[in-house]
Amino acid sequence: MLPLLARLLLLTCLVSPLYSVEKYGSCLQGPAGNPGREGNPGSNGIPGTPGIPGRDGPKGEKGECVSEIFAEPWRPNYKQCAWNALNYGIDLGKIADCTFTKLRSDSALRVVFSGSLRLKCKTACCQRWYFTFNGAECSGPLTIESIIYLDQGSPELNSTINIHRTSTVEGLCEGLQAGLVDVAIWVGTCADYPRGDASTGWNSVSRVIIEELPK
């Protein structure tokens with residue numbers, strides 16, 4: 001029969017929890033238990049205090065002031081005056097005119113005369129067709145003109161030459177102020193040459209076209 005002390009020690013090892021095994025060095029250590037489940041995430045912590053404001057940055061360079069300019073959109077502005085069979089036989093003077101309303105002072109006028117022109121003479125002669133604006137020829141930059149010159153040739157042929165050709169006088173005139181502009185087509189002489197027998201607008205349509213253009 002076991003001693004009484006040994007029986008008490010054996011009984012203690014059988015009924016005591018496993019966590020007490022290490023407490024009693026004489027008891028056998030049981031196997032390790034299964035790992036426990038992960039715990040729930042903890043709640044957020046208290047927000048931290050604001051940091052100290054940073055230092056001011058260096059002063060920037062002075063900017064440029066840019067003003068936007070909105071240009072007025074360009075509107076077409078043109079006019080046509082036409083005549084049927086002018087049959088104008090003058091050698092010096094105004095042939096026809098056409099009044100035009102110029103909208104801007106910083107624009108140019110494009111003018112075109114289209115019509116039949118003729119010159120005949122028995123000796124050398126020259127005629128000049130040109131535009132005027134309010135009674136004066138263009139000076140911006142130069143006059144707008146066309147000429148017809150006939151050489152002396154033989155008196156027999158020159159006395160019978162009578163050719164009418166459709167021709168044009170065309171150009172741009174700058175420097176005209178806004179407002180009403182009287183545009184006229186004239187016929188005159190050439191410098192240092194005698195005039196001949198001129199004819200304008202024979203048996204056909206003649207026209208003056210005026211158009212305002214941006215510079």
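Remarks
- Scoring 139-146, 128-135 by mean Cβ neighbours within 10 Å over their residues and listing the highest first yields 128-135, 139-146.
- Listed by chain and number, the lysines whose C-alpha is less than 20 Å from the C-alpha of Lys102, apart from same-chain residues fewer than 8 away, are Lys79, Lys215.
- Segment Ser146-Asp192, extension gain: residue separation times 0.36 nm, minus the distance between their alpha carbons: 15.0 nm
- The stretch 75-215 - percent of accessible surface contributed by carbon and sulfur, probe 1.4 Å: 50 percent
- Accessible surface computed residue by residue for the stretch 56-125, with neighbouring protein chains in place and a 1.4 Å probe, gives 71 Å² per residue.
- With a simple spin-label model that places each label point 7 Å from the Cα along the Cα-to-Cβ direction, the separation between Ala124 and Lys79 comes to 4.1 nm.
The values are calculated or read from the model by the stated rules, or taken from the named source; none is laboratory data. Everything numeric here is computed off the predicted structure, so don't read it as measured data. Reconstructed Cβ throughout: ideal geometry from the backbone, glycine too, with neighbour counts over all protein chains shown. Just the protein is used for accessible areas: all its heavy atoms, side chains included, with ligands, DNA and RNA removed. Shrake-Rupley method; radii C 1.70, N 1.55, O 1.52, S 1.80 Å.
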